[in-house]
Amino acid sequence: MKAVARMELKPGMVTAEDVLNYKNEIIVTANTRINDTIIEKLARQSIMVVPIKEDIDFATTHFEKVRLSEGFKSFENTYKIYFPVFKHLVMNSVTNRTPLNMDQLMDVYRNIIVCAKSGELLLDYLYNMLPGEDDMTHAHCLNSALIAGVFGTWLGLSNEDINLFIQSAFVYDIGKLSIPYQILWKPERLTSEEYRLVMRHTQIGYDFLKSYGDFNEHVLNATLQHHERCDGSGYPKSLSDVEIDRFAKYIAIVDTYEAMTSPRSYRQKLNPFQIIANYENEGFIKYDYAAIKSILSHIANSQLGFNVQLNSGQIGEVILINEKALSRPLVKLPDNTLIDMSTNKQLSIVSVF
């Protein structure tokens with residue numbers, strides 16, 4: 001809501017509150033759309049200032065409200081300043097076959113991260129970012145580094161390990177820059193040959209970092225192993241749980257989370273409960289169980305108090321998170337009816353308000 005001088009009112013604006021005259025009589029009710037007749041009426045009553053709704057007051061979902069907030073606008077401006085810096089640092093290194101300047105990359109991280117007051121807010125901000133088509137690979141890497149800082153804190157890692165986590169996130173997909181864009185972001189199903197080429201990005205990235213720089217072994221392993229899965233179903237070497245570097249396990253979570261929160265040509269970005277459901281459906285056995293449970297629990301509990309719409313069309317408030325079924329909370333409808341989604345597998349959350 002903002003106060004607007006009567007002389008600056010424009011048809012189409014909407015009153016945020018009742019407008020009273022000097023006798024405390026209501027002359028224009030709240031939620032009234034301004035027109036020329038109403039402006040003349042306000043002038044006759046000598047009304048000087050009118051409370052008017054802002055765009056954020058019309059937002060219908062939580063993420064729309066975030067996108068219209070001053071905090072997000074500040075974050076977005078800062079992100080847009082430092083994204084080209086990040087892109088230049090990476091492309092200069094890859095093109096000229098020179099070591100990446102990790103100190104400068106960490107400066108980019110620090111300058112962006114200060115714009116978010118909490119990890120939950122940072123994830124909301126990133127959810128609302130829309131990278132250009134040509135920037136999707138670079139945005140994926142920068143966003144992954146920002147997410148790694150949040151997840152590392154949630155996991156209770158030491159400052160040293162959080163820094164290694166962030167550094168790993170900056171570079172783990174650097175091998176993708178050697179894959180043709182048309183293949184990497186192809187909306188149709190990849191051919192067998194194309195898929196084999198994409199799979200090579202882990203080895204390409206590892207070889208590059210090994211040759212051009214003095215990277216910590218965890219960072220190198222995260223680059224090579226981030227598509228390995230704890231059940232042995234990953235690539236390039238089908239490693240199992242104890243054979244995979246713990247930072248590669250962390251990056252595997254960041255990588256898939258960032259992908260699900262970004263729009264793709266074949267689908268919209270997923271809401272938090274859809275993301276959690278995807279991990280649950282895929283099976284926690286693929287990931288470091290303690291890490292994935294901790295991270296998803298944080299995400300789920302950050303949605304407490306939000307309104308959600310179910311695939312049944314019903315709208316209600318999330319009042320309790322089921323730790324054994326994180327994507328299926330207890331939802332209270334406007335008539336106080338409680339819906340335990342864990343007992344009704346047909347229900348799912350399609351949007352968060």
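The values are calculated or read from the model by the stated rules, or taken from the named source; none is laboratory data. Worth saying up front: this structure is predicted, and the values here are computed from it rather than measured. Quick reminder, even Gly has a Cβ in these numbers, built from the backbone with ideal geometry, and neighbours come from all protein chains shown.
Some points to look at:
- The set of residues in segment 267-288 that are farther than 20 Å from Ile349 by Cα and either in contact with a strand residue (DSSP E or B) (Cβ under 7 Å, 6 or more places away or on another chain) or not in a helix (DSSP H, G or I) (or both) comprises Tyr287, Asp288.
- Condition broken by Glu17, with the remaining ones in (1) without any contact (Cβ under 8 Å) to a residue 60 or more places away in the chain; (2) outside any loop (DSSP other than H, G, I, E, B); (3) surrounded by 14 or more Cβ atoms within 10 Å (Cβ to Cβ) satisfied: (2)
- The residues of segment 35-56 that are at pLDDT 90 or above, among the hydrophobic types (A, V, I, L, M, F, W, C) and part of a loop (DSSP other than H, G, I, E, B) amount to a single one, Ile47.
- Any chance Tyr279 is surrounded by 15 or more Cβ atoms within 10 Å (Cβ to Cβ) and either of a type in the set (Val, Ile, Thr) or not assigned by TED's automatic domain parsing to the domain that holds Ser233 (or both): yes
- In summary, Ala148 fulfils each of the numbered conditions (1) touching a helix residue (DSSP H, G or I) at 6+ places or on another chain (Cβ under 6 Å); (2) surrounded by fewer than 16 Cβ atoms within 10 Å (Cβ to Cβ); (3) in a helix (DSSP H, G or I) with the single exception of condition (2).
- Pairs are defined by a Cβ separation below 9 Å, a sequence spacing of at least 6 or placement on different chains, a first member in segment 69-88 that is closer than 17 Å to Ser118 by Cβ, and a second member that is surrounded by fewer than 16 Cβ atoms within 10 Å (Cβ to Cβ) and modelled with pLDDT of 95 or more; the pairs so defined are Thr78/Asn111; Thr78/Val114.
- Residue list for segment 59-99, filter: farther than 16 Å from Ile174 by Cα, polar (S, T, N, Q) and not in a helix (DSSP H, G or I): Thr60, Thr61, Ser69
- When residues in segment 236-245 are screened for being among the aliphatic types (A, V, I, L, M), surrounded by fewer than 22 Cβ atoms within 10 Å (Cβ to Cβ) and touching a helix residue (DSSP H, G or I) at 6+ places or on another chain (Cβ under 9 Å), 1 of them pass.
- Any hit, segment 246-261, residues being outside any helix (DSSP H, G or I) and out of contact with any helix residue (DSSP H, G or I) (no Cβ under 9 Å at 6 or more places or on another chain): no
- For segment 289-313, a residue qualifies if it is of a type outside the set (Val, Ile, Thr) and touching a strand residue (DSSP E or B) at 6+ places or on another chain (Cβ under 7 Å), and the qualifying residues are Gln303, Leu304, Gly305, Phe306, Asn307, Gln309, Leu310, Asn311.
- Any hit, segment 298-309, residues being without any contact (Cβ under 8 Å) to a residue 12 or more places away in the chain, not basic (Lys, Arg) and not assigned by TED's automatic domain parsing to the domain that holds Ser118: no
- Among (1) surrounded by fewer than 17 Cβ atoms within 10 Å (Cβ to Cβ); (2) in a loop (DSSP other than H, G, I, E, B), the one test that Pro131 misses: (1)
- With respect to the conditions (1) modelled with pLDDT of 95 or more; (2) more than 20 Å from Thr95 (Cβ to Cβ); (3) surrounded by 14 or more Cβ atoms within 10 Å (Cβ to Cβ), Lys186 falls short on a single one, namely (1).
- Only one of the numbered conditions (1) buried (at least 22 other Cβ atoms within 10 Å of the Cβ); (2) among the acidic types (Asp, Glu); (3) touching a Phe, Trp or Tyr at 6+ places or on another chain (Cβ under 8 Å) is violated by Asp288, and that is (1).
- Members of segment 330-353 that are at pLDDT below 95 and under 25 Å from the mean Cα position of the chain (by Cα): Val350, Ser351, Val352, Phe353
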